[in-house]
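Participant: Below is one structure. I have some questions about it.
Quick note: the coordinates plus some simple rules give every number you see, no bench work behind them. What you see is a predicted model, and the numbers here were worked out from it, not measured in a lab. Please note: Cβ atoms are built from the backbone with ideal geometry, for glycine as well, and neighbour counts cover all protein chains shown.
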Amino acid sequence: MKTNKVFSGWAVFLALVAVMFIGFTACDTGNGTKETLLKPAVSQYDIAGDMTQEAGVTITPITVTVKQDMVDAGTASSGAVTVWYTGTSGTTYTKSQTVPQTAGTYAVTFDVTAASGWNAANGLDAGTLTIFALQVVNGGFEDGLNGWVGEENDNISIDTTVFHTGQKSLKITDAKWQTDVNQVISVTPNTPYLVSFWGKVNRDDDGGWGCIVKIIANDKDSGPTLSAVENTIKDSDWAPYKVAFNSGTAKNIVLYIGGGDSEFYVDDLRIDRIVIDTTANLVENGDFETGALEPWGGGYDGDGRFAVVDEDKHAGTYSLKVDNTDYWSCAQTIPVTANTDYILCFWTKIVADDPDTSWDTLIKVGPDQDSPDEDLLVKAQPKSDYKVTESGVWTQVLYTLNTGDLTELVVNLSGSYNCFYYVDDVVLVPLVCK
């Protein structure tokens with residue numbers, strides 16, 4: 001009898017292990033037969049949606065659907081799926097179907113209801129949803145260099161006597177290219193952003209190297225520079241400065257501050273998403289979808305210098321091809337509001353055998369078509385500004401400008417030499433951030 005009990009116990013144990021391993025149970029159908037019930041598994045489902053998203057903008061819900069090959073094979077549950085979010089954002093976040101809006105880390109799970117031939121399953125792990133806050137940490141340097149990569153030395157220091165707001169600022173002294181401070185910031189790919197800050201310089205003349213602010217994709221040492229402005233800080237009094245860029249494929253950018261052979265101060269850095277309302281575009285035929293050059297004037301459509309073409313484009317059907325213009329240009333006069341910040345953006349694709357010996361996309365914005373450089377609000381040289389780093393790739397280029405006392409601007413296209421380029425979707429709108 002003792003042997004039979006031992007044998008019986010092992011039989012029950014092995015049966016339970018088999019059920020757990022195979023993932024099914026058997027139930028009575030009511031007519032004396034047994035039906036095998038399988039348990040859903042996360043591998044049978046597709047998890048759709050970006051698991052890293054930016055707070056303050058529309059958060060895209062994570063969705064879960066049965067994989068089509070499972071459906072075709074008849075091996076996946078047809079039961080309804082309910083997606084849940086649970087996690088923390090400083091305080092406990094209760095399990096909910098509502099997509100969290102607050103920056104934090106959230107577990108994404110889903111339940112599958114029972115269906116014909118299937119058991120229900122709860123809490124299947126779909127992964128982690130990270131919602132990040134778009135911000136420059138300690139952008140006012142009130143907490144020293146906390147949040148920044150870098151350390152105080154002869155060139156970099158925290159100043160407690162000169163500041164724009166608060167009680168501290170970053171001081172850069174004769175840094176040249178020897179040292180810098182930088183910070184990694186999470187961003188959404190293919191999105192326009194604006195880094196703004198206040199700065200001033202202590203020097204008696206306009207000579208020498210100026211402070212440089214760079215936006216680098218992903219990695220300081222190996223990533224391409226998305227935007228950079230040398231001699232950024234030029235005023236001896238505190239003045240606002242802005243650097244616009246498109247994140248491209250990057251999910252992180254490096255905000256770099258360094259350079260200069262004088263004494264510079266930087267304070268109140270922040271980053272914002274730029275909102276570009278193309279319905280408010282002040283540029284006529286900026287997308288060239290009329291198939292003609294007008295109302296751009298001064299160019300010669302069809303003679304090989306400026307031609308509206310359908311051979312390549314960023315969007316729509318047409319773009320403008322600018323080919324070996326030398327000093328030829330085409331321009332458009334645009335009415336604007338005085339003392340207003342605007343964003344000028346355009347998409348460009350440079351095609352050059354040797355980009356290092358070629359001029360690249362050049363857009364000038366000033367009071368008139370022949371404005372000298374000192375009167376220009378924008379002199380867009382994307383390659384030298386590090387905004388276009390690769391030939392043959394459509395890239396969005398952005399510049400900010402303030403109209404001052406001007407009530408009209410001239411947007412002037414020119415500047416290819418030993419290369420040609422395409423321009424599309426030229427937009428000038430008031431600067432709006434969120």
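Participant: Near the amide H of residue 378, under 5 Å away, which other amide H atoms are found, from residues 5 or more places off or on another chain, if H is placed in the peptide plane?
Facilitator: Here 365 satisfy the definition.
Participant: Lys and Arg at +1, Asp and Glu at -1: add these up for the other residues within a Cβ distance under 14 Å of residue 424 and post the number.
Facilitator: Computed value for this residue: -3.
Participant: Where Lys and Arg each count +1 and Asp and Glu each count -1, what net charge lies around residue 82 among other residues with Cβ under 12 Å from its Cβ?
Facilitator: Result for the neighbourhood of residue 82: 0.
Participant: Which pairs in the list 67/434; 200/321; 168/379; 200/220; 176/321; 67/349 are over 29 Å apart, alpha-carbon to alpha-carbon?
Facilitator: 67/434; 200/321; 168/379; 176/321; 67/349
Participant: Let's test the formula: R0 of 60 Å, r as the Cβ-Cβ distance of residue 408 and residue 42. What FRET efficiency results, to the nearest 0.05?
Facilitator: 0.50
Participant: What residues have an amide H closer than 5 Å to that of residue 275, excluding those fewer than 5 places away on the same chain, when H is modeled at 1.01 Å from N in the peptide plane?
Facilitator: Hits under the 5 Å cutoff: 432, 433, 434.
Participant: Modelling each spin label as a point 7 Å along the Cα-to-Cβ direction, I'd like the residue 340/residue 101 distance in nm, to one decimal.
Facilitator: Reported label-point gap for residue 340 and residue 101 is 3.0 nm.
Participant: Once phi is turned into ³J(HN,Hα) by the Karplus curve 6.51 cos²θ - 1.76 cosθ + 1.60 with θ = phi - 60°, what whole-Hz value does each residue of the range 335-346 show in order, with x for glycine and proline?
Facilitator: x, 9, 9, 5, 6, 10, 7, 10, 10, 9, 9, 7
Participant: How far, in nm, would the chain grow between residue 373 and residue 146 when pulled straight, counting 0.36 nm per residue and subtracting the alpha carbon separation?
Facilitator: Computed gain between residue 373 and residue 146 is 77.8 nm.
Participant: Here is a further query. Contour minus end-to-end for residue 280 and residue 82, with contour as 0.36 nm per residue of separation and end-to-end as the Cα-Cα distance?
Facilitator: Extra length available between residue 280 and residue 82 comes to 67.2 nm.
Participant: Further, regarding this structure: How far apart, in nanometres, would the label points at residue 237 and residue 312 be if each is projected 7 angstrom from Cα along the Cα-to-Cβ direction?
Facilitator: For residue 237 paired with residue 312, the spin-label model returns 4.7 nm.
Participant: Oh, and also: Under the 0.36 nm per residue contour assumption, what length would be gained going from the current alpha-carbon distance of residue 393 and residue 130 to full extension?
Facilitator: 91.7 nm
Participant: From the backbone phi of the range 364-370, what are the Karplus-calculated ³J(HN,Hα) couplings (6.51 cos²θ - 1.76 cosθ + 1.60, θ = phi - 60°) in whole Hz, Gly and Pro given as x?
Facilitator: Working through the residues one at a time gives 10, 10, x, x, 8, 5, 10 Hz.
Participant: How far apart, in nm, are the 7 Å Cα→Cβ label points at residue 184 and residue 219?
Facilitator: It is 1.1 nm.
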